[in-house]
1. Any number yet on Rg/Rh for the chain, C-alpha, Kirkwood?
2. Please label the shape of segment 38-133 as rounded, prolate or oblate, based on the square roots a ≥ b ≥ c of the eigenvalues of the alpha-carbon gyration tensor (a/c under 1.5 means rounded; beyond that, a/b larger than b/c means prolate, else oblate).
3. How many angstrom lie between the Cα centre of segment 80-148 and the Cα centre of segment 1-77?
4. Between residue 25 and residue 184, what is the label-point separation in nm under the 7 Å Cα-to-beta-carbon projection?
5. Using only the Cα atoms of segment 220-259, build the gyration tensor, take square roots of its eigenvalues as a ≥ b ≥ c, and label the shape rounded, prolate or oblate: rounded if a/c is under 1.5, else prolate if a/b is larger than b/c, else oblate.
6. List every residue whose amide H lies under 5 Å from the amide H of residue 121, counting only residues 5 or more places away in sequence or on a different chain, with H placed 1.01 Å from N in the peptide plane.
7. Along the charge dipole of the chain, which of 140, 183, 221 sits closest to the positive end, that is, farthest toward it, with unit charges on the beta carbon of Lys, Arg, Asp and Glu (+1, +1, -1, -1)?
8. Please state the shape class of segment 130-259: rounded when a/c is under 1.5, otherwise prolate if a/b exceeds b/c and oblate if not, all from the C-alpha gyration tensor.
Amino acid sequence: MFRLPVSKIDVELRHATGAEDMLLLEGSGDVVETSIALVERLARRADGGALDAAALPVPDVEALLLEMRRRWYGDVIASRGRCPAEECGAATDVSFRISEYVAHRRIRMPANVEPLHEASWFQLMGTAVQFRLVTAGDVAAAVQSTNPERELARRTIRSESAQAFRRTHYKAQKAMEALAPPLSGEIEGRCPECGTAARFWFDAQSYVQREMRYEAEFLYHDVHLLAGRYHWSEEKILSLPSGRRVQYAEMALRGAGGN
Ligand SMILES: [Zn+2]
């Protein structure tokens, strides 16, 4: 079981199959849409209900993808880079543990914010500005618009006038970050040679999807091999957990080599 950090919903995860591999290889390519589809396929509420992934705050979707990554490929994320100091340029690996990274994001209710009776909306006290947390569905819709940032604000911040909005929307955004700390951002490490700070931008959704796509890379090959060897249908092969499919494919390949 896994508890979503912001919405506190308990979820169960299941293993990815070839169907999810196919989604990664042939899906729309939009990162947030792909995350929503993956979460809806692979996670369900522990109480048995369906999980509405588009309605989840973005950090919950990020946390779920990182949890999948932690369970399937391990806890440590390592990024290989070069020291930014021109005269140095040594290999600088920045690594961190997903478990610690997620646990360090502390959710806090800012003193100038109070929840409204209307579910998921908040009031910025002393102002007429109200807001709610940005969901994965908001981001997926905003990237389709001509001005994503404005579209996100339009969907999640309410104020009585444009003037009030301009004055306070920064405060509303700060409050959102306190209530739902993002899991994408700058990661900092030190060059082992000269000690210069090396930074890189970590985008949780893109990172996990890219890794899953690497793992899915041999899907067509596996289907071709297993269909030929065992006369299984494409549908049956795609329904296998990905790890098991890869095992069978390796065995079929070894068998073929031995004959
Ligand atoms: Zn250096």
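All of the numbers you see were taken from the coordinates with simple rules; none came from a lab. Worth saying up front: this structure is predicted, and the values here are computed from it rather than measured. Methodologically, a virtual Cβ is constructed for each residue, glycine included, from the backbone with ideal geometry; neighbour enumeration extends over all protein chains shown.
1. Values: Rg = 22.0 Å, Rh = 21.0 Å.
When Rh is taken as the Kirkwood radius, the ratio is 1.05.
2. Details: a/c = 3.25, a/b = 1.47, b/c = 2.21.
Note, shape of segment 38-133 comes out oblate.
3. If you average the Cα positions of each part, the centres end up 18 Å apart.
4. Result for the modelled spin labels: 2.5 nm.
5. On the way: a/c = 2.46, a/b = 1.50, b/c = 1.64.
It is oblate, given that a/c is not under 1.5 and a/b is not larger than b/c.
6. Residues meeting the criterion, in which the H sits 1.01 Å from N, are 116.
7. The residue sitting most towards the positive pole is 183.
8. Details: a/c = 4.57, a/b = 2.01, b/c = 2.28.
Oblate, since a/c reaches 1.5 and b/c is not below a/b.
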